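**Q** Have a look at this one before I ask anything.
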Amino acid sequence: MKALVYDGPEKLDFRDVPVPTPEADQHLIKVMSVGVCGSDMHAYLGHDDRRPAPLILGHEAAGVIVGGPRDGERVTVNPLVSCGTCPACKSGRDNLCPERMIISMPPREGAFAQFIAMRGENLVTVPDHVSLDAASLAEPIACGWHTVRLAKEALYGSAKTALVIGGGAIGLGAALSLSAQGVNIVTIVEPNALRRDVLNTQCGQTTISPDDLSADAMFDLVIDGVGYAATRATASAHTRPGGVIGHIGLGEGTGGLDVRRMTLQEITFIGTYTYTAQDFRDTAAAIFDGRLGTLDWTEQRPLSDGASAFSDILAGLTAAPKIILNPHI
């Protein structure tokens, strides 16, 4: 089969690799849609020691089961594999399983390939009226869905207003999740003018430049989908007393938070990692029943053009919040 293989910083090669052999509890999946994630970009730049070259990246996948009793079934893939037996798994917080693994990290190859193998419990059936491009968004949107759920649970008072920092797929997914979970006034801050235009005109969002964020604007919830010191500084400055910061982004590890203000104003900070299996299923259901909108704001490209897609994302030349690669065109 063909796959896009990460060979080192800013080096991607589209080449032949062996087709994976499913284990007894796994299915072979023909990948039809796979999104490019920010974590893929971190690896591409050589910034992720957890993803050493050579490696097949990619974990936001949807496709069709090949062979076996579920042959031909359209599915979206939860790429996070947990043990199922530890205290975290048994309490429904399987995303915190100490044995957790995600495809696109050794020893599990990723989904920038024509086929992957995945166990059945990680697959959610996609109804015929939903495109596989839309279904592949379950993974990135689930990150925001999980963060919004936890932030609302931690909030002192009602959640009426929210600020989302970053208008990529993670930030947009958080904004859509906020609306679907009852937060009615959502503002996205996004520095890229091309992306702001897409978010406002195609995605139905209220999106502003960082320069247009009023210094005294306060929000019940602030979701940081970027994770740099500068964005954390913005989050801690614009969360109202008793409010909550939900932190998804993994841009850099330190700096930015105004801990004194957060302490004096009793602002809760929640670091969030991926999603639980239930969050993934709930997000997929929200996609299927239309609660997250049309999800037609992606850009599709062949997997064979994956290297140029990464280059364009790095150069800020892509307006779409998400590029989805198709390994079979």
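The values are calculated or read from the model by the stated rules, or taken from the named source; none is laboratory data. Just so it is clear, the structure is predicted and the values come from calculations on it, not from any experiment. Neighbour counts are summed over all protein chains in view; Cβ atoms, including those assigned to glycine, are modelled from backbone coordinates with ideal geometry.
**Q** I'd like to check which helices (runs of 4 or more DSSP H) are fully inside the range 128-183 and have at least 2 residues that are under 15 Å from residue 249 (Cβ atoms).
**A** 138-154, 169-180
**Q** Of all residues in the range 84-104, which are among the aliphatic types (A, V, I, L, M) and crowded, with 20+ Cβ neighbours inside 10 Å?
**A** Result: 103, single match.
**Q** Residue check, residue 71 against (1) surrounded by fewer than 16 Cβ atoms within 10 Å (Cβ to Cβ); (2) assigned to a strand (DSSP E or B), all met but one. Which one?
**A** Of everything listed in (1) surrounded by fewer than 16 Cβ atoms within 10 Å (Cβ to Cβ); (2) assigned to a strand (DSSP E or B), residue 71 misses just condition (2).
**Q** Let me ask another. Do you know which residues across the range 1-26 are farther than 30 Å from residue 69 by Cα and either in a loop (DSSP other than H, G, I, E, B) or basic (Lys, Arg) (or both)? Full working, then the answer.
**A** Narrowing the range 1-26 to residues farther than 30 Å from residue 69 by Cα: 5-15.
Result: 9, 10, 11, 15.
**Q** Out of 263, 294, report the one residue that is farther than 30 Å from residue 6 by Cβ and modelled with pLDDT under 95. Quick ask: steps written out before the conclusion?
**A** Details: 263 fails: modelled with pLDDT under 95.
The conditions single out 294.
**Q** Counting residues that are in contact (Cβ under 8 Å) with a residue 24 or more places away in the chain and within 25 Å of residue 152 (Cβ to Cβ), which strands (runs of 3 or more DSSP E) fully inside the range 205-314 reach at least 2? Let's see the steps before the verdict.
**A** On the way: elements: 206-208, 219-224, 239-247, 268-271, 298-302.
Where strands (runs of 3 or more DSSP E) fall fully within the range 205-314 and carry at least 2 residues being in contact (Cβ under 8 Å) with a residue 24 or more places away in the chain and within 25 Å of residue 152 (Cβ to Cβ), they are 219-224, 239-247, 268-271.
**Q** Look through 113, 135 and report the one residue that is crowded, with 23+ Cβ neighbours inside 10 Å, within 19 Å of residue 57 (Cβ to Cβ) and among the aliphatic types (A, V, I, L, M). Can you show your working first?
**A** Working: 135 fails: within 19 Å of residue 57 (Cβ to Cβ).
So the residue among 113, 135 that is crowded, with 23+ Cβ neighbours inside 10 Å, within 19 Å of residue 57 (Cβ to Cβ) and among the aliphatic types (A, V, I, L, M) is 113.
**Q** Looking at (1) touching a helix residue (DSSP H, G or I) at 6+ places or on another chain (Cβ under 8 Å); (2) modelled with pLDDT of 95 or more, which is the one condition that is false for residue 231?
**A** Against the list (1) touching a helix residue (DSSP H, G or I) at 6+ places or on another chain (Cβ under 8 Å); (2) modelled with pLDDT of 95 or more, residue 231 comes up short only on (1).
**Q** Kindly provide the set of residues from the range 82-119 that are farther than 23 Å from residue 302 by Cα and in contact (Cβ under 8 Å) with a residue 60 or more places away in the chain, ordered by number.
**A** Within the range 82-119, 82, 92, 93, 94, 95, 96, 102, 119 qualify.
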